[in-house]
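I have placed the structure first, in the form of structure tokens, so that the comments after it can refer back to it.
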Amino acid sequence: MNENHAKLMPSPEWAAHIQDEVLPQATAGLELGTDLLELVAVEHEEDAALRLAGRFTGTNVEVVHGDAAALDYPDASFDTVATCTMLHHVPTRALQDMVLAEAFRVLGPGGTFLGSDSLPSDDLHQFHEGDTYNPVEPAAFLTRLQTVGFAAITLHVSYHLVFTARKE
């Protein structure tokens, strides 16, 4: 990860963007249940996991050092799984598909998968210089979610991608 990226993410602006713009759009009209995977924050980088764990000590957030493509949770463990602006950090489409499959696996019946991701841009590409940058192609994302097994899929594409999908 480049030094600028490490200093900027997650920023207060990023957190406000997720809270004020992405989550209201992604969760409108949804019943999320009580067990939400995003409240179990899975962080791939050990140092980042340690920093996050310290930051969320005493809260309802559990921070886990792990791999979103190989989660250490039993099948049907969560009512909701969220991936907020992280898929473009997964280096290949095949690994992104593994993340989608893991989200499906750990969701219980009727569970909701929701999230957002950045769309390709020159500015974002420059921002990620020296870091993994593999943006999701919105035109193919519907089929990718269907292939994993998701249904009732909604995609919103504007200056970012916001999606919801259900496990029937």
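Look at Thr80 and say whether it is among the β-branched types (Val, Ile, Thr), open to solvent by less than 80 Å² (accessible area, probe 1.4 Å) and more than 21 Å from Arg166 (Cβ to Cβ). Spell out the reasoning first.
Values: among the β-branched types (Val, Ile, Thr): yes; open to solvent by less than 80 Å² (accessible area, probe 1.4 Å): yes; more than 21 Å from Arg166 (Cβ to Cβ): no.
So Thr80 fails the test.
Identify the residue in region 32-49 that is modelled with pLDDT under 80 and not β-branched (Val, Ile, Thr) and, among all such residues, is nearest to the chain's Cα centre (by Cα).
Glu38
Taking the residues in region 42-85 that are in a loop (DSSP other than H, G, I, E, B) and touching a Ser or Thr at 6+ places or on another chain (Cβ under 9 Å) as candidates, determine which candidate is nearest to Ser118 (Cα to Cα).
Looking at the filtered set, the residue picked out is Thr85.
When residues of region 26-62 are filtered for being among the hydrophobic types (A, V, I, L, M, F, W, C) and closer than 13 Å to Val81 by Cβ, how many remain?
9
Could you check region 134-158 and list, in sequence order, the residues that are in contact with a strand residue (DSSP E or B) (Cβ under 9 Å, 6 or more places away or on another chain) and among the hydroxyl-bearing types (Ser, Thr, Tyr)?
Thr154
The values are calculated or read from the model by the stated rules, or taken from the named source; none is laboratory data. As the structure is a computational prediction, the values presented were derived from the model and not from experiment. Positions of Cβ are backbone-derived with ideal geometry, glycine not excepted, and every protein chain shown enters the neighbour counts. The area values use the complete protein model at the heavy-atom level, side chains included, leaving out ligands, DNA and RNA. Shrake-Rupley method; radii C 1.70, N 1.55, O 1.52, S 1.80 Å.
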